[in-house]
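Only one structure is covered here, and it is reproduced in the block below.
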Amino acid sequence: MDTNTVHLMLQGRGGVGKSLGSALLAQYLLHRDVPISCYDTDPVNDTFSQYGALGAKRTDILGPDKNINPRAFDSLVDALLWDDKIAVIDNGASTFVPLMAYLVENHVLSVLRDAGRPVLLHCVLTGGQAFDDTQLGLETVLSAHQAPVVLWINEYFGPVRRDGRGFEDSILYQRHADRIRGIVRLERANADTFGKDVELMLQRKLTFAEALNSDHFGIMPRQRLKMTRDMIFNQLAAIGL
């Protein structure tokens, strides 16, 4: 695992689990005693920064004209260049298009890489009605940048399949297989047990560590949360993060 990686979550569709993925990644790194700096650049939903234990800094990068405020993002890049901790950045759907344009125009990923800050992109692919939109967002990310990508397959809204085929069987995956660093699967759990426990934890904006030490959860809910945590963290470890 690189000790100075910049993790950037990107997806053009809102409400598909970007902030959840960012929070899970940050928790995994903290669980491994890795120093991190977290940034929340979503101007609409500050979900990531609501996790007090993660200490995410709110960074408003959107100007009044709904375009990226270059000076604001320049400051974020400066902070990344000066900081020696692993960075986790959650970006909102409303800034996806202008941010992608800014990253490409200013060769931001190259600037960071040349300064010894490799970038790992993260993108969510989900089932249900958002499948086509999230697949388009993923294709945009893969086409615009040469950095490796971690794919978060979120099955909360339904199986992530098309015509009976999973993502690994898709043309998009086959075309960019060498760019996919790894896949993290967020499986849809039993709504009355595992699902309910995770839902309550997320509603309270608690990390797994906080929930496992909270009186709000009984013995069996804590056991199910621990099992869920281990399932996700083991996937991240297998990727080499």
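Just so it is clear, none of the values below were taken in a lab; they were calculated from the coordinates. Keep in mind that what you see is a predicted model, and the values were worked out from it rather than measured. Backbone-built Cβ (ideal geometry, glycine too); neighbour counts: all protein chains shown.
Brief remarks follow.
- Only Lys, Arg, Asp and Glu carry charge here, each on its Cβ (+1 for the first two, -1 for the last two); on that basis the range 6-188 has a dipole of about 300 debye about its Cα centre.
- Put in order of Cβ neighbour count within 10 Å, fewest first, the listed residues Glu199, Glu210 become Glu199, Glu210.
- Between Lys18, Lys205, Lys196, the residue with the greatest mean-square fluctuation in the GNM of the chain (Cα pairs under 10 Å linked by springs) is Lys196.
- Restricting the trypsin sites (Lys or Arg not before Pro) of the range 47-144 to loop positions (DSSP other than H, G, I, E, B) with no more than 11 neighbouring Cβ atoms within 10 Å leaves Lys66.
- Under 19 Å from the Cα of Lys85 - aspartates and glutamates, other chains or at least 8 residues apart: Asp2, Asp33, Asp40, Asp74, Asp114
- Partners for Lys196 among lysines (Cα-Cα distance below 28 Å; same-chain residues under 8 apart left out): Lys18, Lys205, Lys226
- Among Ala144, Ala211, Ala56, residue whose mean-square fluctuation peaks in a GNM of the chain (springs only between Cα atoms under 10 Å): Ala144
- Within a Gaussian network of the chain (alpha carbon springs, distance under 10 Å), most fluctuating of Val141, Val16, Val44: Val44
- Rounded to two decimals, the Cα radius of gyration of the range 6-188 over 2.2 N^0.38 Å is 0.99.
- Charge dipole of the chain about the Cα centre (unit charges at C-beta), most positive-ward option of Asn154, Ala101, Ala26: Asn154
- D_trans [Stokes-Einstein, Kirkwood Rh over alpha-carbon pairs] for the range 190-241, 25 °C, 0.890 mPa s, µm² s⁻¹: 217
- Within the chain, helix-based [θ] at 222 nm, where runs of 4 or more DSSP H residues each add -39,500 (n - 2.57), nearest 500: -12500 deg cm²/dmol
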